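**Q** This is the structure I have questions about; it appears just below.
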Ligand SMILES: NC(=O)c1ccc[n+]([C@@H]2O[C@H](COP(=O)([O-])OP(=O)(O)OC[C@H]3O[C@@H](n4cnc5c(N)ncnc54)[C@H](O)[C@@H]3O)[C@@H](O)[C@H]2O)c1
Ligand SMILES: [Zn+2]
Ligand SMILES: [Zn+2]
């Protein structure tokens, strides 16, 4: 291939400073170093976490190339890379799987120590960047930076997919779908006939709804301040939609009234302390399970009435639906 071993000049979207519009720029993308993979991106999704990064809610170093939900073709590989080869169809992984660290060696979690989200260095594992623009160093986001025609990622941040995968759609399997679906099926383990509430009906919330429905939930209450999200939510399985802005009482009170007592499973997919507390308060006092998927700003804190904790309900956070990137736990649920 004529790009092999050469720096590639291509287009990428750059966030130059906090909360600015992205600008499309010509960037230089260096060849992959040892243990790295250069990918020709075919499609990328836009996840709430990219929005958080651009707004500084997830603090990243500027200027950076956003994006982590990507599907592409391997253009070239660095020394020692063995899991993918040029031409392979791949997805990028915002949470890598090094298979060696304390998180990877424990089957109960997936937040690999080699992740670059919280905190973020904006650099590859060797502490350098592969991107420049007009001679200036450009930082990576989450070691994925999929808003670029070409990107370089560590081998542990890439997974090979089926050669027949539809590349225009498969990018959402990179984050939003496993995050939400896995939160319901894998982390909460929603049971048939149960009641659920989902706070936030964006990409993650929609996939949570799909997971609740697939698990046989009898009632799924969807909560969002944007009613344009309601038709799609209903099509995916939401049985009742609530807009907290139109209620004269706290949304958790409305959920309790609608269900007679409260729900078996509550999910937060927004990233706000107040909706996390509302999700907790919506859960059954004895056996309720509250799952937090939303990512909140760095100094954000929430407090719960201490008395509501000792009665038995569970509060859990979950990253990428508890899915183990390139390992096999996910396959037992599909
Ligand atoms: N834990 C993980 O592994 C993981 C993975 C991906 C994304 N996330 C996080 O999940 C969250 C959601 O991501 P997304 O991609 O679905 O975002 P999104 O922007 O598509 O959806 C968020 C939804 O929340 C709604 N909303 C905003 N404020 C609200 C309020 N006060 N009350 C009710 N609804 C409100 C919005 O209208 C929108 O529909 C983000 O915080 C993101 O960072 C976490
Ligand atoms: Zn994401
Ligand atoms: Zn690891």
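No value in this document is a laboratory result; all are computed from the given coordinates. In this text the structure is predicted, and so the values were computed from the model without any measurement. Cβ coordinates were reconstructed from backbone atoms using ideal geometry, including for glycine residues, and neighbour counts include every protein chain displayed.
**Q** Semi-axes, largest first, in whole Å: what does sqrt of 5 times each Cα gyration tensor eigenvalue give for segment 1-143? If you can, show how the numbers build up before the last one.
**A** Numbers: eigenvalues 100, 92, 36 Å².
Result for segment 1-143: semi-axes of 22, 21, 13 Å.
**Q** I've got another one for you. Considering only 38, 234, 143, give the residue with the highest GNM mean-square fluctuation for the chain, with springs between Cα atoms whenever their separation is below 10 Å.
**A** 234
**Q** OK, next. Please compute the length gained on full extension between residue 189 and residue 226, using 0.36 nm multiplied by the number of residues separating them and subtracting their Cα-Cα distance. Before the final figure, lay out each step's value.
**A** On the way: separation 37, 0.36 × 37 = 13.32 nm, distance 2.77 nm.
Here the answer is 10.5 nm.
**Q** Label residue 21 and residue 286 with points 7 Å out from Cα along Cα→Cβ: what is the distance between them in nm?
**A** Reported label-point gap for residue 21 and residue 286 is 5.7 nm.
**Q** With no solvent and one equal point scatterer placed on each C-alpha of segment 206-288, evaluate the Debye formula and give log10 I(q)/I(0) for q = 0.13, 0.20, 0.21 Å⁻¹, two decimals.
**A** -0.37, -0.94, -1.04
**Q** Additional query: Using a Gaussian network model on the chain with a 10 Å cutoff between Cα atoms, which of 281, 224, 168 fluctuates the most?
**A** Result: 168 has the largest fluctuation of those listed.
**Q** Moving on. Modelled label-to-label distance, residue 316 and residue 136, 7 Å Cα→beta-carbon offset: nm?
**A** 4.4
**Q** Still on this structure, I have one more. Please state the relative contact order of segment 121-279 as a whole percent: Cα pairs under 8 Å, 6+ residues apart?
**A** 18
**Q** List 253, 155, 268 from most exposed to least, where exposure is judged by having the fewest other Cβ atoms within 10 Å.
**A** On the way: 253 14, 155 22, 268 31.
Ascending number of Cβ neighbours within 10 Å: 253, 155, 268.
**Q** Hey, in the GNM for the chain with a 10 angstrom Cα cutoff, which one of 300, 43, 194 fluctuates hardest?
**A** Fluctuation is largest for 300.
**Q** Pairs of alpha-carbon atoms within less than 8 angstrom and 6+ residues apart define the contacts here; what relative contact order does the chain have, in percent? Numbers along the way, then the final one.
**A** Details: 821 pairs, mean separation 53.2, N = 334.
Relative contact order here is 16 percent.
**Q** Same structure, new question: Hey, fewest Cβ within 10 Å first, where do 30, 113 land in order? Don't skip to the answer; put the middle values down first.
**A** Working: 30 18, 113 11.
Going from sparsest to densest Cβ surroundings: 113, 30.
**Q** What number, in percent, do you get for the relative contact order of segment 38-156 if the mean sequence gap of Cα pairs under 8 Å and at least 6 apart is divided by its residue count?
**A** Values: 234 pairs, mean separation 38.5, N = 119.
Result for segment 38-156 is 32 percent.
**Q** Per the helix-only calculation at 222 nm, which mean residue ellipticity applies to the chain, given -39500 (n - 2.57) for every DSSP H run of n ≥ 4 and division by its residues, nearest 500 deg cm²/dmol?
**A** Working: 6 runs with 53 residues, N = 334.
About -4500 deg cm²/dmol.
**Q** Related question: Which semi-axis lengths, in whole Å and largest first, follow from the square roots of five times the eigenvalues of the Cα gyration tensor of segment 177-321?
**A** On the way: eigenvalues 73, 55, 53 Å².
Semi-axes from the Cα gyration tensor: 19, 17, 16 Å.
**Q** With everything on Cα atoms, drop me the angle between helix 203-214 and the longest principal axis of the chain, reported from 0 to 90° to the nearest 10.
**A** 60
**Q** Averaged over all directions, how much area does the convex hull of the C-alpha atoms of the chain cover when projected, in nm²?
**A** Mean orientational projected area (the chain, Cα hull): 17.3 nm².
**Q** Can you grab the distance from the C-alpha centre of segment 5-79 to the C-alpha centre of segment 244-296, Å, no decimals?
**A** 35
**Q** PRE reach from residue 9 (point 7 Å along Cα→Cβ): which of segment 26-60 fall under 20 Å by backbone N?
**A** 26-32, 39-41, by backbone N distance to the label point.
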